[in-house]
Amino acid sequence: MTSAGRIARILAFAFGGTLILQGCDGTTYPPYRYKETVVVETPQGIRTGSTVIEVRMYKEGQSNPFARGAIHGQFKGEAAEVDLPNGRALFALLTSPSNYGWAKGAYQMLAQLTPEEMAQPYDPDNTGFDIQYRRAMALKGPQILPRMMPSAAPSHEPVSAYPWLVTFGNMTDPTSVRAVDPDNLAASFGHGYKLRAIVLEKTDEPVGARIQKALVWLNDYRARNSRLDGDTSVAIKSNDLKSNLSSGDFWVESY
């Protein structure tokens, strides 16, 4: 996990996942929902799991000179769960190793700016976001999420567009969480398992609330604001996955 990713997790954990400071002349974008479907090839055929995520975005206006053009987003929803024929389950989380807010930006990843658009001079009003937002909202039908996406970092190395993929050795034990390599599901589940695609599509379907039934400990960990290792302190004390994930990676009930 990157240093920036760790800092974002610490701040989100400390403030309940919401950090929004708004001026009075900004732009509030219409909320939207998208359906995320994870498609897995197994020895017994294709298995899928879906979830619906709702997103709303806000852009700072000129009244906030220190954050003019800054984008804030909120989302609610739950991780996608794929039940596998070996009795295991694969979860696609609401976050990624480098982006705690993955779910609020995932759909707009489908509408990247062109290299020419990205090379434009600095724009304090961030009109590039408006272009990308309108482009994403105009998409019709299912869209396959690309494996990699361009990076805005100086190195310009592509970064993963995928969320965290995890599984549990024991679904009743949150400390048994394990990361799953999206390019090598066989390492976690055995021969014949492969991630075929992650598909996103705008939808009017309601946001679900099913994951608490699969992960019976989730409500308790959410109430205690605890990470999966049981720690409730603000500081992240270990690079272990269980020390970095919390209930908010699996389920966000409301804005």
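Being more than 23 Å from Thr48 (Cα to Cα), polar (S, T, N, Q), exposed (fewer than 13 other Cβ atoms within 10 Å of the Cβ) and over 18 Å from the mean Cα position of the chain (by Cα) is not true of Thr175. In summary, helices (runs of 4 or more DSSP H) completely within region 80-144 and bearing 1 or more residues that are among the β-branched types (Val, Ile, Thr) occur at 127-137. For region 179-204, residues that are assigned to a strand (DSSP E or B), of a type outside the set (A, V, I, L, M, F, W, C) and touching a Lys or Arg at 6+ places or on another chain (Cβ under 9 Å) total 2.
Of everything listed in (1) over 20 Å from Tyr29 (Cβ atoms); (2) touching a Lys or Arg at 6+ places or on another chain (Cβ under 6 Å); (3) of a type outside the set (Lys, Arg), the single unmet condition for Pro97 is (2). Give me a count of the residues in region 211-229 that are assigned to a loop (DSSP other than H, G, I, E, B) and hydrophobic (A, V, I, L, M, F, W, C). Within region 211-229, residues that are assigned to a loop (DSSP other than H, G, I, E, B) and hydrophobic (A, V, I, L, M, F, W, C) number 4.
In region 230-239 there is at least one residue that is under 21 Å from the mean Cα position of the chain (by Cα), buried (at least 17 other Cβ atoms within 10 Å of the Cβ) and outside any strand (DSSP E or B).
Selection within region 241-255: residues that are among the aromatic types (Phe, Trp, Tyr) and either over 13 Å from Ser226 (Cβ atoms) or outside any loop (DSSP other than H, G, I, E, B) (or both). The member of this set that is modelled with the highest pLDDT is Trp251.
The values are calculated or read from the model by the stated rules, or taken from the named source; none is laboratory data. Treat the numbers as computed from the prediction; the structure is a model and nothing was measured. Glycine also receives a Cβ, built like all others from the backbone with ideal geometry; neighbour counts cover every protein chain displayed.
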